[in-house]
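Trainee: Take a look at this one; I'll ask things after.
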Amino acid sequence: MTRLPAVAASRSLGLVDDAVSIDPEAVTERRQLDDESWVDVTRGWLRRADDVYAALVDAVPWRQGRVFRYERYLDEPRMGSWYSRDTPYPHPALTAAHRAIQHQYRVTFGGVGLAFYRDGRDSVAPHRDTDLRYCENTVIAILTLGARRPWLLQPRGGRDRFDEGPAAGTIDLSPAAGDLLVMGGRAQTDWLHAVPKVPSLKPLGRISAQWRWTSKTGRPESQPGYSAPRQFSRPRSR
C-alpha cells in the first residue's frame, strides 16, 4: 500500500470551507490491486458524517428498485436515488464532495447516486459497473455515511459469490462513516465489488454516495449491467 504525497492526495481534496466538513488533513493511501487497477482509501475524509447520514435518511426521496431475476421480478435489497449535477443536491456536503473529488482526479461526474442500506439484510451482490459500457479506464468514488460494514473487492476469474466464503485475493476495506474509497484504472474490468449481508441485531443503516466516470476508451463491455434481466439458460437446439 502506498501513501500518496500529502498535498496531491489530501490537501487538494480539502480546498472547500471547513463548514462542509471535508478534512483537509486526511491522508489518502493507494492500494495497487494489480498492474492496472487501484483503490485509494481516505479514512475520516468527511467530518460529521453521521450528521449528514441522518439528514439524508429524512430528506432523500428513496425509491425501491426492482430487477428481473430468473423469471420473476424482485425488490432490490436496498433503496436508491439519483441526482443529476444540474439539480440541487440534498446536502451541501455532497456538493462539496463532488467538486473536491473532481478536482483531485481531474474528471467530470454527471451526478451522484445514493444507495441506502437500511439494515444488515440489505446488500448488493458481487458485480462490476458494466452499465458504464467502457470499463478499462474509470474513476468510481464512494463516500460512506452511517454504519461500518464489510465492503469487498475480489479479482475476476475466481468464485463469483463472496458469501461462499473468503476466496483467494478477497479484500475487505470496511469503510466507516466519512471514509472515501476511489477505484480506478481497470478496477471495473478486472475486479468485482460487493456489500454483503450482515446478520446482526444492531442498527446497520448505511448510505453510500457514488460518483462515476469513464474515459469511454477501450473495448466496450459485452456483459449486461447489474440491473439487466437475468434468465435461465435455454437448451440449445440440435
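Trainee: Mind running the shape call on the range 33-104? Use the C-alpha gyration tensor, a ≥ b ≥ c as the square roots of the eigenvalues: rounded below 1.5 for a/c, prolate if a/b tops b/c, oblate otherwise.
Mentor: On the way: a/c = 2.03, a/b = 1.24, b/c = 1.64.
It is oblate, given that a/c is not under 1.5 and a/b is not larger than b/c.
Trainee: Order of 88-95, 184-191 by packing, highest average Cβ count within 10 Å first? If you can, show how the numbers build up before the last one.
Mentor: Numbers: 88-95: 18.9, 184-191: 21.4.
Going from most to least packed, we get 184-191, 88-95.
Trainee: Assuming 0.36 nm per residue, please report the length gained on full extension of the stretch ASP35 to ARG156 beyond their Cα-Cα distance. Could you put the intermediate results ahead of the total?
Mentor: Values: separation 121, 0.36 × 121 = 43.56 nm, distance 1.44 nm.
Taking ASP35 through ARG156 to full extension adds about 42.1 nm, to one decimal.
Trainee: Oh, and also: Can you give the extra length, in nm with one decimal, that the chain gains between ARG85 and ALA176 once fully stretched, where that is 0.36 nm per residue apart less the Cα-Cα distance?
Mentor: On the way: separation 91, 0.36 × 91 = 32.76 nm, distance 2.57 nm.
Residue separation times 0.36 nm, minus the Cα-Cα distance, leaves 30.2 nm.
No lab work stands behind these numbers, since they all come straight from the coordinates. Keep in mind that what you see is a predicted model, and the values were worked out from it rather than measured. With ideal geometry, Cβ positions are generated from the backbone for all residues, glycine too; neighbour counts draw on all protein chains shown.
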